[in-house]
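A short reminder: the numbers here are calculations on the coordinates, not readings from a lab. Everything numeric here is computed off the predicted structure, so don't read it as measured data.
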Amino acid sequence: MTPEALAALHGRCFAAHPRPWSATEFEALLAGPLNFLLTRPRAFLLGRAIADEAELLTLAVAPEARRQGLASALLADFAATSRARGAREAFLEVASDNAPAMALYAGAGWEIIGKRRNYYAPGVDAVLMRRGL
């Protein structure tokens, strides 16, 4: 996927918060040697692995392609790729009002470890999650 395609899909998935990332931001992230992109048709995950930790930066599935197992497949790919790069645990943050994403992550073994109050908007916290790899 090109940075423009990533930005377009991200914009369809995250219109409010977090704000959609631009093609320029995706281009810069993809240039980072520690970052990696995983794709499926109409879906992608951007992650990074540094030493023994991995971070799930963003996961986007086109609205019409949801509930078909794409996100779960990308999460499995993320865990495998992160382990292959030496990570032993992974972290992410998700908006507190994104119940479907929080359920997805909890079902995949992620645990809530903290919150950043009002991170995305007033009343919308960032929920910090961790998972062993």
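Before moving on, here are some points about what is shown:
- The length gained on full extension between residue 52 and residue 24, counted as 0.36 nm times the residue separation minus their Cα-Cα distance, comes to 7.3 nm.
- Among 29, 104, 59: highest mean-square fluctuation, GNM of the chain, C-alpha pairs under 10 Å: 104
- Mean-position separation - Cα centroids, the stretch 74-133 and the stretch 24-55, in angstrom: 15 Å
- Per residue, the average separation of C-alpha pairs within less than 8 Å and at least 6 apart gives the chain a relative contact order of 19 percent.
- Considering only 85, 19, 48, the mean-square fluctuation computed in a Gaussian network model of the chain, springs between alpha carbons under 10 angstrom, is largest for 19.
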